[in-house]
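Everything below concerns the one structure shown next.
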Amino acid sequence: VNPSCLPAATLQIDLGAIRDNWRLLGRQASPGVHCAAVVKADAYGLGAAEVGRALFAEGCRSFFVALVDEALALRTVMPIQARLFVLHGALPGAEIECANANVIPVLNSHDQITRWRTLASRLGRRLPAALQVDTGMARLGLALSDALSMDASALEGIDLQLLISHLVSAEDRSDPLNAAQRERFGTLLQRWPGIPASLANSSGVFLGADYHFKLLRPGAALYGVAPTLGERNPMRPVLRLQGRLIQSHWIAAGEGVGYNHAWRAERATRVATVSVGYADGFMRSLSNRGSLHFNGTAVPLIGRVSMDTVTVDATALPADALAPGAAFDLIDEVHDINALAAEASTNAYEILTSLGPRYRRHYINP
Ligand SMILES: *Cc1c(COP(=O)(O)O)cnc(C)c1O
């Protein structure tokens, strides 16, 4: 990439806002409760190395990724004091890489426990691990009954640092599953007293102190995702996404725009073509929905979203504004990832993790 040429699209990531969000999450809990950071999927698309280092500097010491490969990559850029947990644990054969890199697997099954214990015995040293117990998600983790009846010898040679479980619908305060899961998790802690525990994802942090235990485990809210349905979003927006005008032109009433002419002009219309498409994660479900902003003025998206472009109705904009290269906001503080997710009929997690590799990434407030 030639750094001096005008980038087709720029993704601005505010590390200061991410640090503020991490502190705000930590302030929800009592002193003595630590706030971790979930940076799986490249920190939800925003850059695990950049986010990880910024939050380490802020005092964060525990980080969660999903895959061993993510942890190995992060290990090379993070200080050794940072604990890196792998939510999926290690697949057969990958245990030794975890041990060598000082990466901590979350053990989710008897099989994973056995393989980790076997490696500890072979290496002749204690190996750190977390244990995940299923309290309702039915996705990963040991069945609660198995965890309750498990003999301590099953964990011989394992330095058990953390007990975790994951909430099913924490964003919905009224769901009785929240309290049911908390209750089940509580019985587990009685079986394993003295081991630090972690239950709350972003939304769980806002369910109250009962859900906090020793370690908060937020991901999405760090990046500006609204944690609780139907409530004001307390998180700061982190992203600004700008595309560029490639060309604009007039079409007559009755003419169609884009694939299958999914939009048809009712009057003479000035069409502006902007350099972002569904290959960049600007989802095709936004076709004929949603809007871009030009200097704060909303311009409706018209026709289908293409792979590399979107078209907007720019008729209302001043004619001299539409010079090639002019910037259009696709995500900004007002029209944020939560608003975009609603327009695209998905959630803000999918918006974040779909942001493609073609943007020029620009980190501010490092
Ligand atoms: C992704 C994930 C989190 C973070 O969830 P958010 O809703 O993004 O805060 C926490 N714990 C587990 C097990 C996860 O998979």
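Answer with yes or no whether residue 43 is within 16 Å of the ligand (Cβ to nearest atom), in contact with an Asp or Glu (Cβ under 9 Å, 6 or more places away or on another chain) and on the phi > 0 side of the Ramachandran plot. When the stated conditions are applied, residue 43 passes them. What do you reckon, is residue 112 touching a strand residue (DSSP E or B) at 6+ places or on another chain (Cβ under 8 Å), part of a strand (DSSP E or B) and of a type in the set (S, T, N, Q)? Judged against the criteria, residue 112 is not a match.
Residues that are away from the ligand (no atom under 16 Å from the Cβ), loosely packed, with under 15 Cβ neighbours inside 10 Å and closer than 30 Å to residue 37 by Cα: does the stretch 229-236 have at least one? Yes, that holds for at least one residue.
When residues in the stretch 206-228 are screened for being over 23 Å from residue 342 (Cα atoms), outside any strand (DSSP E or B) and within 11 Å of the ligand (Cβ to nearest atom), 1 of them pass. In the stretch 12-40, which residues are outside any helix (DSSP H, G or I), within 14 Å of the ligand (Cβ to nearest atom) and open to solvent by 50 Å² or more (accessible area, probe 1.4 Å)? 28 - this is the single residue of the stretch 12-40 that is outside any helix (DSSP H, G or I), within 14 Å of the ligand (Cβ to nearest atom) and open to solvent by 50 Å² or more (accessible area, probe 1.4 Å).
Does residue 210 qualify as being open to solvent by less than 60 Å² (accessible area, probe 1.4 Å) and without any contact (Cβ under 8 Å) to a residue 60 or more places away in the chain? Give the steps one after another, and end with the answer.
Numbers: open to solvent by less than 60 Å² (accessible area, probe 1.4 Å): no; without any contact (Cβ under 8 Å) to a residue 60 or more places away in the chain: yes.
Answer is no for this residue.
A Cβ distance below 6 Å, combined with a sequence gap of six or more or placement on separate chains, defines the contacts here; from the stretch 135-146, residues that are closer than 12 Å to residue 185 by Cα reach residues that are of a type outside the set (A, V, I, L, M, F, W, C) and open to solvent by 60 Å² or more (accessible area, probe 1.4 Å) in the pairs 135/184; 144/184.
For the stretch 67-84, check the following and say yes or no: at least one residue is part of a strand (DSSP E or B) and either more than 13 Å from the chain's Cα centre (by Cα) or closer than 19 Å to residue 354 by Cβ (or both).
Just the residues of the stretch 67-84 that are part of a strand (DSSP E or B), to begin with: 83-84.
Filter once more, so that each one left must be either more than 13 Å from the chain's Cα centre (by Cα) or closer than 19 Å to residue 354 by Cβ (or both): 83-84.
Yes, because at least one residue in the stretch 67-84 is part of a strand (DSSP E or B) and either more than 13 Å from the chain's Cα centre (by Cα) or closer than 19 Å to residue 354 by Cβ (or both).
Of all residues being closer than 22 Å to residue 138 by Cα and free of Cβ contacts under 8 Å to residues at least 40 places away in the same chain in the stretch 67-88, which is most open to solvent (accessible area, probe 1.4 Å)? Just the residue, please.
Step one: list which residues in the stretch 67-88 are closer than 22 Å to residue 138 by Cα, which gives 67-68, 85-88.
Restricting the remaining residues to those that are free of Cβ contacts under 8 Å to residues at least 40 places away in the same chain gives 67-68, 86.
Details: 67: 80, 68: 19, 86: 0 Å².
Filtering the stretch 67-88 for residues that are closer than 22 Å to residue 138 by Cα and free of Cβ contacts under 8 Å to residues at least 40 places away in the same chain, the one most open to solvent (accessible area, probe 1.4 Å) comes out as 67.
Restricted to the stretch 119-154, and to residues there that are under 18 Å from residue 83 (Cβ atoms) and aliphatic (A, V, I, L, M), the residue that is surrounded by the fewest Cβ atoms within 10 Å (Cβ to Cβ) is 127.
Residues that are over 21 Å from residue 28 (Cα atoms), of a type in the set (A, V, I, L, M) and touching a Leu at 6+ places or on another chain (Cβ under 9 Å) within the stretch 153-210 comprise 155, 158, 160, 177, 188, 189, 195, listed in sequence order. The residue of the stretch 168-186 that is most open to solvent (accessible area, probe 1.4 Å), among those that are assigned to a helix (DSSP H, G or I) and of a type in the set (Gly, Ala, Ser), is 179.
Given the condition open to solvent by 40 Å² or more (accessible area, probe 1.4 Å) and of a type in the set (S, T, N, Q), answer yes or no: does some residue in the stretch 297-320 qualify? Show your work before the answer.
Our first condition is that a residue be open to solvent by 40 Å² or more (accessible area, probe 1.4 Å); within the stretch 297-320, this holds for 297-298, 300, 304, 307-308, 315-316, 318-320.
Narrowing the set further to residues that are of a type in the set (S, T, N, Q) leaves 297, 315.
Yes: the stretch 297-320 contains one or more residues that are open to solvent by 40 Å² or more (accessible area, probe 1.4 Å) and of a type in the set (S, T, N, Q).
If you go through the stretch 241-285 and keep only what is under 30 Å from residue 361 (Cβ atoms) and of a type in the set (Gly, Ala, Ser), you end up with 243, 248, 258, 272, 275, 277, 279, 281, 285. The lone criterion from (1) within 19 Å of the chain's Cα centre (by Cα); (2) small (Gly, Ala, Ser); (3) within 25 Å of residue 6 (Cβ to Cβ); (4) open to solvent by 20 Å² or more (accessible area, probe 1.4 Å) left unmet by residue 356 is number (4). As a summary of the residue check, residue 158 satisfies the conditions (1) touching a strand residue (DSSP E or B) at 6+ places or on another chain (Cβ under 6 Å); (2) open to solvent by less than 20 Å² (accessible area, probe 1.4 Å); (3) hydrophobic (A, V, I, L, M, F, W, C); (4) within 14 Å of the ligand (Cβ to nearest atom) except for the one numbered (4). Taken over the stretch 171-201, the criterion of being small (Gly, Ala, Ser), within 13 Å of the ligand (Cβ to nearest atom) and out of contact with any Ser or Thr (no Cβ under 9 Å at 6 or more places or on another chain) is satisfied by 200 alone.
The values are calculated or read from the model by the stated rules, or taken from the named source; none is laboratory data. Remember, predicted model here, so these are calculated numbers, not experimental data. In this analysis, Cβ positions are derived from the backbone assuming ideal geometry, glycine residues included, and neighbour counts consider all displayed protein chains. The area values use the complete protein model at the heavy-atom level, side chains included, leaving out ligands, DNA and RNA. Shrake-Rupley method; radii C 1.70, N 1.55, O 1.52, S 1.80 Å.
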